[in-house]
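The values are calculated or read from the model by the stated rules, or taken from the named source; none is laboratory data. Source: prediction; values computed, not measured. As a convention, Cβ positions derive from the backbone with ideal geometry for all residues, glycine included, and neighbour counts pool all protein chains shown. All accessible areas refer to the heavy atoms of the entire protein, side chains included, with ligands and DNA or RNA removed. Shrake-Rupley method; radii C 1.70, N 1.55, O 1.52, S 1.80 Å.
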Amino acid sequence: MPNTAEPTISKATLDDRESITELIAASARGLGKDDYPPEEIEAALGGVWGVDTQLIKDQTYFLVHVDGRLAACGGWSYRRTLFGSDGEAERDPAELDPSSDPARIRAFFVHPDFARRGIGSLLLKVCEAEARKAGFKALSLGATLPGQRLYAVHGFVAQETIAHDLGNGKTTPVIPMIKVLTD
């Protein structure tokens, strides 16, 4: 589907939860199919890949629309939680210290119809700029396998992969990544 309009970026609201959930599912199923078996995708959609309303409430979660369609979502955070949706038990809402902690890049998903068109990169630049404005000097994230490729292109360095428990004996890899912001 060709882009006929420039992408527009806006802050997500709690009213956007349903459309974000639909986008996350389409992204995971469409862009994750070469990296994950279907049962792992479905298990991850039940918890780790989902909406994090804290990001929305903090006004650090963004939506990208193209031609009136939701093309991507993603954000950044000044809280300790590295990844995961509202359904994850291991969440830490404590605030980070910008002088010593990296801000978090969080919950990036691109609709398959808009993949590889620079929309994820555009959104990442917006989040980096926002975190920098808040005083952060580094960024960290927990990447999916497809997401790792995007982040690596933008200077993020992978750390040791975590096998995240999805329940029912299933795990999914999460790749912690970090980037030092330069002036």
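For the stretch 21-132, list log₁₀ I(q)/I(0) at each q in 0.20 Å⁻¹, using the Debye formula over Cα point scatterers of equal strength and ignoring solvent, two decimals each.
Result of the Debye calculation: -1.11.
Please find the FRET efficiency linking T182 to T13, where r is the Cβ-Cβ separation and R0 is fixed at 41 Å, and quote it to the nearest 0.05.
Numbers: r = 33 Å, r/R0 = 0.81.
Efficiency computed from Cβ-Cβ geometry: 0.80.
First measure r as the distance between the Cβ atoms of R69 and E95, then evaluate 1/(1 + (r/R0)^6) with R0 = 35 Å and state the FRET efficiency to the nearest 0.05. Please report the intermediate quantities before stating the final value.
On the way: r = 34 Å, r/R0 = 0.98.
It comes to 0.55.
If you roll a 1.4 angstrom probe over the protein chains with everything in place, what fraction of the accessible area of the chain belongs to carbon and sulfur, to the nearest %? Before the final figure, lay out each step's value.
Values: 4560 of 9060 Å².
Carbon with sulfur: 50 percent of the solvent-accessible area.
Points 7 angstrom from Cα along the Cβ direction at K133 and Q59: gap in nanometres?
1.0 nm
Per residue, how many Å² of accessible area does the stretch 28-76 show with a 1.4 Å probe?
Working: 1830 Å² over 49 residues.
I get 37 Å² per residue for this part.
Can you tell which of A131, P37, T144 lies farthest toward the positive end of the dipole of the chain, using +1 and -1 charges on the Cβ of basic and acidic side chains (Lys, Arg; Asp, Glu)?
With unit charges placed on the Cβ atoms, the residue in question is A131.
Among the lysines in the chain, how many pairs, 8 or more places apart or on different chains, have alpha carbons under 20 Å apart?
10
Spin-label point model (7 Å from Cα, Cβ direction): what's the R80 to A115 distance in nm?
Rounded to a tenth, the inter-label distance reads 3.5 nm.
Using only DSSP helix segments of four residues or longer, with each worth -39500 (n - 2.57), what per-residue ellipticity at 222 nm results for the chain after dividing by its residue count and rounding to 500? List each step's numbers first, then the result.
On the way: 5 runs with 52 residues, N = 183.
Dividing the helical sum by the residues of the chain leaves -8500 deg cm²/dmol.
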